[in-house]
Structures are given as C-alpha cells and as structure tokens.
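Okay, so here's the structure we're looking at.
Quick note: the coordinates plus some simple rules give every number you see, no bench work behind them. Since this is a predicted model, take the numbers as computed values, not measurements. Every residue, glycine as well, gets a Cβ built from its backbone with ideal geometry; the counts of neighbours run over all protein chains shown.
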C-alpha cells in the first residue's frame, strides 16, 4: 500500500499543474505517511526505536528514490519539481 502512496505522489507531480501547488511543501506535509515502511525497516535493522539523524536521512532518501523511479519513466527527476535530490550515497 505504501508503494502506491509513493506512486500517487509521483503522479501528482507529473499530472497536476505545478503552478497550483508547491511540490516540496506537499512532500513535507505528507512525508510521515510515505515513510512508515522504511522507518519500520530501519528500526528493525538498528534494533532500536531511537534512530539517529543519519537513519532518518536514509529513510527519506529511500522514499525519494522510490518516487523518482516513477518519475524517470516519464523522463523527469525530482529536481524538475523543485525537490532537492537526496544524497544517494547514504544507501548501501
């Protein structure tokens, strides 16, 4: 289900008029809805509920990678929507 939310987010970016909304603000408002699966995985991996800032950056990076996978199919990337691409080197 969460992958469908990320796909929906990508489709909103692709098919709605970017003049009608701020894509970064939309992402910021709904990031907690998009991160549940990766947040859970990171907590399991670290065997703790208390994640570091780097752990949260990894979670956000994974979300952005997923969204960008949908965008790339349409020859777009996150920066086309004023969303700064994450540091993909965080993902091992």
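The table below gives the values:
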| quantity | calculated |
| --- | --- |
| With eigenvalues of the C-alpha gyration tensor scaled by 5 and rooted, the chain, Å | 24, 13, 12 |
| Helix 23-34 axis, angle to the chain major axis (alpha carbon atoms, nearest 10°) | 40 |
| Alpha-carbon centroid distance for the pair region 3-66 / region 71-92, whole angstrom | 12 |
| C-alpha long axis of helix 36-46 to longest principal axis of the chain, angle in ° | 30 |
| Residue order, fewest to most surrounding Cβ atoms within 10 angstrom, among 60, 84 | 84, 60 |
| Degrees separating the helix 53-72 axis from the principal Cα axis of the chain, which is the longest one | 30 |
| Length-normalised contact order of region 2-90 in % [C-alpha pairs under 8 Å, at least 6 apart] | 38 |
